[in-house]
Amino acid sequence: MKLIIYFIFYLLVPIFVVGAQEKIDLFIWAGQSNAQGWTGNANEYPIDSLALDSSILLNWTFFEEESSNGKWVKMQPQKGRYPKGHFGPEVSFSRDLKKAGYNPAIFKYTRGATGLARDWKSPGQGGIYDHMVTDLKKAIKDLKDKGNSITIRGFIWIQGESDGDSNDNANAYKANLRRLIEDLRSEVVKNPKLKVILGVDEQHGFMVERPQVVEAQKSIAESDENITFSSMYALPKADATHLTTKGLIEHGHRLFNAYQLLSLGKQETPHHAGKLKVLTYNIWNGFDWSKDNIRRAKLQHWVNLKQPEVVALQELLCNYTPEKLKEDAKSWGHAYSVLLKTTGYSVGLTSRYPIRLKEKILEGMHHGALHCSILDIDFIVVHLHPGSINKRREESKVLLDKIERIKSNNEKYIVLGDFNAHSPFDAIFYEPEGDLLNRLKQNNINKGLNGNIDINGDLDYSVLSSFLSIPMYDVVKNYTQDLDERGSFPGRVLGVINNETEAQLLSRLERIDYILVSPELAVKTVDAKVCNGVENWYLSDHYPVLVQFE
């Protein structure tokens, strides 16, 4: 009997040992103060609501200052100038990796106010880079000695501002950075296709004065399919150089998105967490006919914070090109995008997952509509006529015919966008003599159904009702109580344009933007809202609609 027990014990030992081994996804993180997180006060360390930090490894060094003494620890604030320590973008970056199915370990090696030419130096010159390589090899050996299997996934380099302090350093930056990357790939990692993410604060004074550094990073990225440049444009800043804690957190999300896009370069499918967020946003005259880059950057920043998997956009105009839509998509981590047209008021669709274009619907439509498929869901992006009930009714007939055909083959479909029409579910909120109705009556005198007031002097509910009768479901209705929560137009930004007070804008609040879903998707909805809070007051004249499905 004892022999049998011993035999079973020894048989199980190797199974236990193998089970203890982990497959680790290693990321090398290096650069100067914004890579370090100089202003990342740990008093504002992001809440770890999913308890991810304990399963994320960190080996950190602030060169010639503080470190984890070469040891691997769990993700945490690092000792520094704040009493509770500080942190950088690596926290949100690694948490995003964990949620996406990776098993991340971050090797972080940074030093503020350091230049590539002056401090990091070329390989073999005894600079910070050489010290980093030595410590990196020790850190990898430590993981392997514990039985772990290591895959070095990427190199994140957030640096360059200090090399803009002189023309000589700025002009030499491209050659110096290329040399560093080539050495890391060939001599250290032994992988010529190691994925590399580059970043520098484009708005820093030195970068504005000497743009050669930014241009060098972008040029290197453009010449190599496994290297990308991740913009820091419009991230919140604490001073002329450093990001705020919110900026650091957002930067980490951007870097994760950049990594996902690099992975997609090899036609890999991004990890799917089991939930789907869908957003629709009318961006208001193509960001002021492509002149308002600041508003565009702020809107990109907000969308990226929400991390939707699918984004529908309206009012893409002024020669909005597929390339420009790709830039928007990339800013919030989407590798795929489709634009309806490049003239007039266009609509577009972006996604983290492949998009299959089914039809560009132009005939019988004022602005047009876009029919695509993503993850076996049919999407129709709409922007109905803004000034005519009759036109909207005609457009709805075209779309309803398309939807009936979709229904015969697919139970999952969504129609979303700017309908310029009102829902019967909101009728109770519109006062017959309120500011909205009085304003519309004044602007539509003698127009009849070629305007925006029906023959009874009321709002027209027939267009939305025709979609609801298919049936489709207005899921926002189930998660909101009144027009204060549902209103999608007008945004506060119109107060400045029209010389209206906040009270006047609120008095004519209406809902004209929707995400309508099929019965199959309605039961899978877990949240739905119109994002009309302060963060969106000045991003557009419309407010976005966001729905989440399981």
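Only the coordinates and a few stated rules stand behind these numbers; no lab work does. Only a predicted model underlies this, so the values are computations on that prediction, with no experimental measurement involved. Heads up, the Cβs are rebuilt from the backbone with ideal geometry, glycines too, and the neighbour counts pull from every protein chain shown.
Taking all C-alpha pairs of segment 136-206, those more than 22 Å from each other amount to 38 percent. Measure nothing fancy, just the Cα-based angle from helix 167-183's long axis to the longest principal axis of the chain, in degrees from 0 to 90, nearest 10. Around 70 degrees separate the two axes. Computed extension gain for residue 524 through residue 223, at 0.36 nm per residue and net of the alpha carbon distance, reaches 104.0 nm. Across segment 339-351, computed HN-Hα scalar couplings (Karplus, 6.51 cos²θ - 1.76 cosθ + 1.60, θ = phi - 60°) run 10, 5, 7, 10, 10, x, 8, 9, 10, x, 9, 10, 7 Hz from first to last residue, x flagging Gly and Pro. Straight-distance candidates among the lysines for linking to residue 447, with alpha-carbon spacing under 26 Å and chain neighbours fewer than 8 residues away dropped: 391, 397.
When shorter helices are ignored and each DSSP H run of at least 4 residues is given -39500 (n - 2.57), the per-residue value for the chain at 222 nm works out to -10500 deg cm²/dmol. Net charge of the neighbourhood of residue 214, taken over other residues with C-beta under 12 Å away and scored Lys/Arg +1, Asp/Glu -1, is -3.
Return the subset of 98/190; 74/529; 98/306; 144/246; 298/341 for which the Cα-Cα distance in this structure is over 27 Å, preserving the input order.
Where the Cα-Cα span goes over 27 Å, the pairs concerned are 74/529; 144/246.
Between residue 100 and residue 297, the C-beta separation translates, for a Förster distance of 35 Å, into a calculated FRET efficiency of about 0.90.
Shape analysis of segment 22-264 yields a ratio of the Cα radius of gyration to the Kirkwood radius, Rg/Rh, of 0.93. Using a Förster distance of 45 angstrom, determine the FRET efficiency expected from the C-beta separation of residue 150 and residue 397, and round it to 0.05. Taking R0 as 45 Å, the efficiency between residue 150 and residue 397 is 0.15. Applying the Karplus relation 6.51 cos²θ - 1.76 cosθ + 1.60 with θ = phi - 60° to segment 501-509 yields 3J(HN,Hα) values of 7, 4, 5, 5, 5, 5, 5, 10, 5 Hz, where x marks Gly and Pro. Restricting the calculation to Cα atoms, segment 276-549 yields a radius of gyration followed by a Dmax of 17.4, 50 Å. Annotation for segment 483-550 versus segment 24-75: alpha-carbon center distance of 38 Å.
Arranged from fewest to most other beta-carbon atoms within 10 Å of their beta carbon, 350, 525, 134, 228 become 134, 525, 228, 350.
What's the ranking of 104-112, 338-346, 125-133 by average number of surrounding C-beta atoms within 10 Å, highest first?
So the order, starting with the most tightly packed, is 104-112, 338-346, 125-133.
Take the Cα of residue 408, step 7 Å toward its Cβ, do the same at residue 187, and the gap between the two points is 6.7 nm.
Close amide-amide hydrogen proximity is noted between residue 378 and 412, 413, 414, each under 5 Å apart and 5 or more residues distant or on a separate chain (H modeled in the peptide plane; Pro and chain starts excluded). Shown for 309, 66: other C-beta atoms within 10 Å of each C-beta, ranked fewest to most, produce the order 66, 309. Dipole of the chain computed with +1 at Lys/Arg Cβ and -1 at Asp/Glu Cβ about the Cα centre; of 115, 320, 423, farthest Cα towards the positive end is 115. For residue 134 and residue 342, a Förster radius of 51 Å and the Cβ-Cβ distance give a FRET efficiency of 0.45, rounded to the nearest 0.05.
Peptides 389-398, 427-436, 357-366 ordered by packing proxy, namely the average of other Cβ atoms within 10 Å per residue, highest first: 389-398, 357-366, 427-436.
Each residue of segment 156-164 was assigned a 3J(HN,Hα) from its phi angle through the Karplus curve 6.51 cos²θ - 1.76 cosθ + 1.60 (θ = phi - 60°); the sequence is 10, 10, 10, 6, x, 4, 5, 7, x Hz, with glycine and proline shown as x. The length gained on full extension between residue 502 and residue 64, counted as 0.36 nm times the residue separation minus their Cα-Cα distance, comes to 152.3 nm.
Dipole check for the chain: with +1 at the C-beta of Lys and Arg, -1 at the C-beta of Asp and Glu, and the Cα centre as origin, the magnitude is about 1680 Debye.
So I have (i) 53, 30, 23; (ii) 49, 29, 21; (iii) 41, 28, 22, and one of them is semi-axes √(5λ) of the Cα gyration tensor in Å calculated from this model. Which one is it? Read-out from the structure maps to (ii). Each of 466, 408, 149 was scored by other Cβ atoms within 10 Å of its Cβ. Listed from fewest to most, they are 408, 149, 466.
The distance between label points at residue 73 and residue 442 comes to 6.4 nm (points 7 Å beyond Cα on the Cα→Cβ vector).
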